[in-house]
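Trainee: Can you read through this structure? Questions will come right after.
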Amino acid sequence: MTDSPARRPSGELESQVLAALWAAGAPLTPQQVQDAVDADLARTTVATILARLHEKGTVARSKAGRSFAYTPTVQDADGLAARRMRTELDRGRDRSTVLARFVSDLSDEDERLLRDLLGDQS
């Protein structure tokens, strides 16, 4: 029996790829992302991650020679978290129930912060 490498936590590779794109501040090809990630990843793995991020709308792509160059559509990890929350709301569930359960699980401090933010919107 051989030891197999431990599986990465879900989303870890996507996070590493996005971090490389944010740090670059310019569109990157899969090869450039692979070089920036500093992981033992095949270029095809990086290309697959980028394609999945593109399908999710997290990155935009433009033609760069025979490949694509990718740019994040969100500016940072906070923007990504906000996009994920919005995606969950848009899944067609009862929005009021989803939001009510989300708010009921907030800490007192987070609830105050949310109330303050909502108060600033009016």
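Trainee: Hey, rough spin-label estimate for Lys63 and Ala42, points 7 angstrom out along Cα→Cβ, what's it come to in nanometres?
Mentor: About 2.8 nm separates the two model spin labels.
Trainee: When a/c is below 1.5 the answer is rounded, else prolate if a/b is larger than b/c, else oblate, so apply that to the range 42-97 with a ≥ b ≥ c taken from the square roots of the Cα gyration tensor eigenvalues.
Mentor: prolate
Trainee: What is the range 77-120 by shape, rounded, prolate or oblate, if you read a ≥ b ≥ c off the alpha carbon gyration tensor as root eigenvalues and call it rounded for a/c under 1.5, prolate for a/b larger than b/c, and oblate otherwise?
Mentor: Verdict is oblate for the range 77-120.
Trainee: Within the range 13-37, whose backbone N sits under 11 Å from a point 7 Å along Cα→Cβ of Ala77?
Mentor: Of the residues in the range 13-37, 15-16, 19 have backbone N under 11 Å from the label point off Ala77.
Trainee: Percent relative contact order of the chain, based on C-alpha pairs within less than 8 angstrom and at least six residues apart?
Mentor: Reported as a whole number, the value is 19 percent.
Trainee: Same structure, new question: Quick one: net charge around His54, please, counting Lys, Arg +1 and Asp, Glu -1 for every other residue with C-beta under 15 Å from its C-beta.
Mentor: With Lys, Arg at +1 and Asp, Glu at -1, the neighbours total +3.
Trainee: Which of these values of volume of the Cα convex hull per residue in Å³ was calculated from the structure shown: (1) 143; (2) 192; (3) 88?
Mentor: Correct label, based on the coordinates given: (2).
Trainee: Which shape class, rounded, prolate or oblate, goes with the range 12-72 when its Cα gyration tensor gives a ≥ b ≥ c as root eigenvalues, a/c under 1.5 marks rounded, and past that a/b bigger than b/c marks prolate?
Mentor: Rounded, because the longest to shortest axis ratio a/c is under 1.5.
Read-outs: derived from the displayed coordinates by stated rules, not from any lab. Bear in mind that the values here come from a model prediction, so they are computed numbers and not experimental data. Note: ideal-geometry Cβ built from the backbone for every residue, glycine included; neighbour counts use all protein chains shown.
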